[in-house]
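My questions will all concern the structure given below.
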Amino acid sequence: MHIVSLHDKSTIERYLRQNALIHLYELGDLDDFFWQNTTWYALVETKQIHALVLLYSAMEMPVLLAISENLPAMRDLLQSSMLLLPSRFYAHLSGDLSTLLATHYRVDSHGLHYKMALADPSRLETVNTSEVISLTVADLEELQTLYQVSYPGNSFDPRMLGTGHFYGIRRDGKLVSVAGVHVYSPHYKVGVVGSVTTHPAFRGQRLATAVCARLCQQSLQTVVHIGLNVKADNASAIASYRRLGFEVVGEYEEALLVLK
């Protein structure tokens, strides 16, 4: 086996489609909107991919996605490509891959996370979305203010407002709950729910459930698969997503890595 840098979208897509629900982020990042900020490394033997990692560099902090059910192959890939990685990055890692990276990096684990996928869209219709409104780039300042209060340090990308797939609820004229997309690609038929938050003073009213329901309803007009990532100990969020028809399809660890 040998390590290669991949540049052909169709080759990458064929591999990712083998387990599309686990790789919704990566599939979406094949879209032209994200593609220029991606670097792909693969472990290959006789033209067959055994493991694939994505380094996404659009944000201030690069993000490494190393998600695989073939952990031995992924270990080989990371071991061989470690010198190609940045000195500081955030990572989504299957299994115990953080242990391998700890040989060269200081690892600050952010805990176990679940990947969830929308398995029963019919449940979306049971949610009252009458208060939900569409958000646009004109709402950017108000949205950022809400994140500062209720979700500091989140990975919101202002460019995603331009997709038209951000929704919110206002109370007394102020934005108090929001849901949007981290990834959205009509071409690859995938969407990833993200940047979900509710102001602390309005939690417990299922506002996030409502905005997520509306977001998913609208997204299903142009995509086939919808997923999201959630911390495994966030019981309230997981319960909300289950009410919307999401089910757990995988798990992984998130971590911040800094070169020793």
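Which of the aspartates and glutamates could be linked to Lys174 by a straight reach, that is with a Cα gap under 20 Å, when you skip same-chain ones fewer than 8 residues away?
Partners within reach: Glu131, Asp139, Glu141, Glu142.
A further question on this structure: Can you tally the net charge around Glu253? Count Lys and Arg as +1, Asp and Glu as -1, for every other residue whose Cβ sits under 13 Å from the Cβ of Glu253.
On the way: positive: Lys115, Lys231; negative: Asp96, Asp108, Asp233, Glu251, Glu254.
Computed value for this residue: -3.
Report the net charge of residues surrounding Lys115, where surrounding means a beta-carbon distance below 11 angstrom and charges are Lys +1, Arg +1, Asp -1, Glu -1.
Values: positive: none; negative: Glu247, Glu251.
Net charge in that neighbourhood comes out at -2.
Please list, or write none, the lysines whose alpha carbon is within less than 27 Å of the alpha carbon of Lys115, excluding same-chain residues fewer than 8 places away.
Lys9, Lys189, Lys231
Let me ask you something else. Is the shape of region 120-244 rounded, prolate or oblate, going by the alpha carbon gyration tensor and its root eigenvalues a ≥ b ≥ c, with a/c under 1.5 for rounded and a/b larger than b/c for prolate?
rounded
Give the separation of the Cα centroids, region 197-256 to region 61-113, in Å.
25 Å
With n ≥ 4 as the cut-off for DSSP H runs, can you work out [θ] at 222 nm for the chain, using -39500 (n - 2.57) per run divided by the number of residues, rounded to the nearest 500?
-7000 deg cm²/dmol
Now for a different question. Report, in degrees rounded to the nearest 10, the 0 to 90 angle that the Cα long axis of helix 140-150 makes with the longest principal axis of the chain.
80 degrees
In whole angstrom, note down how far apart the Cα centers of region 1-60 and region 118-174 are.
The distance from the Cα centre of region 1-60 to that of region 118-174 comes to 29 Å.
What is the dipole size for the chain, taken about its Cα centre, with +1 at each Lys and Arg Cβ and -1 at each Asp and Glu Cβ, in debye to the nearest 20?
The dipole of the chain has a size of about 340 debye.
Please work out the FRET efficiency for the pair Leu256 and Val224, using the Cβ-Cβ distance as r and a Förster radius of 35 Å; give the result to the nearest 0.05.
Calculated transfer efficiency: 0.60.
Moving on. Sum up the charges of everything whose Cβ sits under 13 Å from the Cβ of Leu140, counting Lys and Arg as +1 and Asp and Glu as -1, but leave Leu140 out.
-3
So for Thr11, Thr103, Thr222, fewest C-beta neighbours within 10 Å to most, what's the order?
Fewest-to-most Cβ neighbours within 10 Å comes out as Thr103, Thr222, Thr11.
If the label point is 7 Å along Cα→Cβ of Leu83, which residues in region 1-17 have backbone nitrogen under 15 Å from it?
Hits in region 1-17 for Leu83 at 15 Å: 3-4.
So if R0 is 25 Å, what FRET efficiency would Asp120 and Arg206 give, r being the distance between their Cβ atoms, rounded to the nearest 0.05?
0.90
Next question. Relative to the first principal axis of the alpha-carbon coordinates of the chain, what is the inclination of helix 71-81, with its axis defined by its Cα atoms, in degrees from 0 to 90 and to the nearest 10?
70 degrees
Which of Lys9, Lys174, Lys47 comes first, and how do the rest follow, when ranked by fewest Cβ neighbours within 10 Å?
Arranged by neighbour count, lowest to highest, Lys9, Lys174, Lys47 become Lys47, Lys174, Lys9.
Any idea how far apart Arg242 and Thr136 come out in nm if each label point goes 7 Å out from Cα toward Cβ?
If labels sit at Arg242 and Thr136, their model points lie 3.9 nm apart.
Just so you know, all these numbers are worked out from the coordinates, no wet-lab data involved. Computed from a prediction, not measured in an experiment: that's the story for all the values here. As a convention, Cβ positions derive from the backbone with ideal geometry for all residues, glycine included, and neighbour counts pool all protein chains shown.
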